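Worksheet for the structure shown next.
The values are calculated or read from the model by the stated rules, or taken from the named source; none is laboratory data. Given the structure is predicted, the values throughout are model-derived calculations rather than measurements. Here the Cβ positions follow ideal geometry from the backbone for every residue, glycine too, while neighbour counts run over all protein chains shown. Surface accessibility is based on the protein's heavy atoms, side chains included, excluding ligands, DNA and RNA. Shrake-Rupley method; radii C 1.70, N 1.55, O 1.52, S 1.80 Å.
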Amino acid sequence: MLWLYILLGIALFVALVMFIPITLRASYKEDFWCAVYIGFVKLQLVPAKPKKEKKKKVKKQTPKTEQPKKATEKKPSLIKKYGIEWLLNLIKRVAELAVSALQDFFSHILIKKFSLSISVAGDDAADTAIKYGKYCAVVYPAVGTIVRVVKCKGYGVDINPNFSEKAETEINFDFVARVFVFRLVALAVKHGIKGLKLLAEVKNEL
């Protein structure tokens, strides 16, 4: 019976690990801040924590004896050997696999918070209006694309022109996204198998 309890314990541990959430938090207000949380463990990415300098040991250099260089034969390039069509087809297949993996990955991400506020200011009223139009033309379509690709609980985007004298452009940004470990494992297995199959096919062709 002991082995059964051990197996149950291992299965329970694996199940708990699989349901650990991985959360990305980012914010910007004068300075950018970003951190990844794996469960309750925090990994701060930006700003990076200063590393302690380690004393480098000085190694004694031993004189190297120069050996005569051997003439190496140049191998024919893949294009010359298999043709440009083969290479283009390979690039297409790799690109399709990458796009499929990215689409699958983003479809499993849940954005819990997406808040962006921009106060646009320029040198004068005309410059402010021009900059405001440029910001709107870039930000709103980009946010719309993100919302269509991933699951989003709620988001808010607010862009306003500031015509006050000596005003400066201000940006406030808050972002929280989450994905579970089992989602990443499933994606790695699914697309890893496809990648291995593609690699085996290429090796057979070579």
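How many residues does segment 170-187 contain that are farther than 16 Å from L16 by Cα, in a helix (DSSP H, G or I) and basic (K, R)?
Start the filter on segment 170-187 by keeping residues that are farther than 16 Å from L16 by Cα, which leaves 170-178, 187.
Among the residues that remain, those that are also in a helix (DSSP H, G or I) are: 187.
Checking which are basic (K, R) leaves us with none.
Residues that pass the stated criteria total 0.
Within segment 30-42, how many residues are open to solvent by 40 Å² or more (accessible area, probe 1.4 Å) and more than 19 Å from I111 (Cβ to Cβ)? Give the steps one after another, and end with the answer.
Taking segment 30-42 and keeping what is open to solvent by 40 Å² or more (accessible area, probe 1.4 Å), we get 30-33, 37-38, 40-42.
Of the ones still in play, those that are also more than 19 Å from I111 (Cβ to Cβ) are 30-31, 40-42.
Result for segment 30-42: 5.
With respect to the numbered conditions (1) more than 18 Å from the chain's Cα centre (by Cα); (2) within 30 Å of L16 (Cα to Cα); (3) among the charged types (D, E, K, R), which one is the sole condition not fulfilled by D127?
The single condition D127 does not satisfy is (2).
Would you pick out the residues in segment 110-140 that are closer than 20 Å to A177 by Cα and not in a strand (DSSP E or B)?
Our first condition is that a residue be closer than 20 Å to A177 by Cα; within segment 110-140, this holds for 110-117, 139-140.
Residues satisfying the conditions are V139, Y140.
From the set of residues in segment 165-203 that are within 30 Å of I118 (Cβ to Cβ) and among the small types (G, A, S), which is nearest to the chain's Cα centre (by Cα)? Give the derivation first.
Taking segment 165-203 as the starting set, the residues that turn out to be within 30 Å of I118 (Cβ to Cβ) are 165-179.
Add one more test, that the residue is among the small types (G, A, S), and what stays is 167, 177.
Working: A167: 34, A177: 12 Å.
Ranking the qualifying residues of segment 165-203, first place goes to A177.
For (1) exposed (fewer than 15 other Cβ atoms within 10 Å of the Cβ); (2) of a type in the set (D, E, K, R); (3) within 22 Å of V36 (Cβ to Cβ); (4) free of Cβ contacts under 8 Å to residues at least 40 places away in the same chain, each residue gets a yes or a no:
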residue: L110; (1), (2), (3), (4): no, no, yes, no
residue: A126; (1), (2), (3), (4): yes, no, no, yes
residue: G144; (1), (2), (3), (4): yes, no, no, yes
residue: R183; (1), (2), (3), (4): no, yes, yes, no
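Determine whether K190 is among the basic types (K, R), open to solvent by 80 Å² or more (accessible area, probe 1.4 Å), out of contact with any Lys or Arg (no Cβ under 9 Å at 6 or more places or on another chain) and closer than 20 Å to S27 by Cα.
Numbers: among the basic types (K, R): yes; open to solvent by 80 Å² or more (accessible area, probe 1.4 Å): yes; out of contact with any Lys or Arg (no Cβ under 9 Å at 6 or more places or on another chain): yes; closer than 20 Å to S27 by Cα: no.
Judged against the criteria, K190 is not a match.
Rundown of residues vs (1) modelled with pLDDT under 75; (2) more than 30 Å from F173 (Cα to Cα); (3) in a helix (DSSP H, G or I), yes/no style:
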position	(1), (2), (3)
L43	no, no, no
K51	yes, no, no
K57	yes, yes, no
K69	yes, yes, no
T72	yes, yes, no
K75	yes, yes, no
E85	yes, yes, yes
K92	no, yes, yes
E96	no, yes, yes
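Kindly establish whether A167 is open to solvent by less than 80 Å² (accessible area, probe 1.4 Å), among the hydrophobic types (A, V, I, L, M, F, W, C) and outside any helix (DSSP H, G or I). Let's see the steps before the verdict.
On the way: open to solvent by less than 80 Å² (accessible area, probe 1.4 Å): yes; among the hydrophobic types (A, V, I, L, M, F, W, C): yes; outside any helix (DSSP H, G or I): yes.
Considered against the rule, which asks whether it is open to solvent by less than 80 Å² (accessible area, probe 1.4 Å), among the hydrophobic types (A, V, I, L, M, F, W, C) and outside any helix (DSSP H, G or I), A167 comes out as yes.
Would you check if there is a residue in segment 127-139 being more than 30 Å from K42 (Cβ to Cβ) and among the acidic types (D, E)? Spell out the reasoning first.
Applying the first criterion (more than 30 Å from K42 (Cβ to Cβ)) to segment 127-139 yields 127-138.
Narrowing further to those that are among the acidic types (D, E): 127.
Taking every residue of segment 127-139 in turn, at least one turns out to be more than 30 Å from K42 (Cβ to Cβ) and among the acidic types (D, E).
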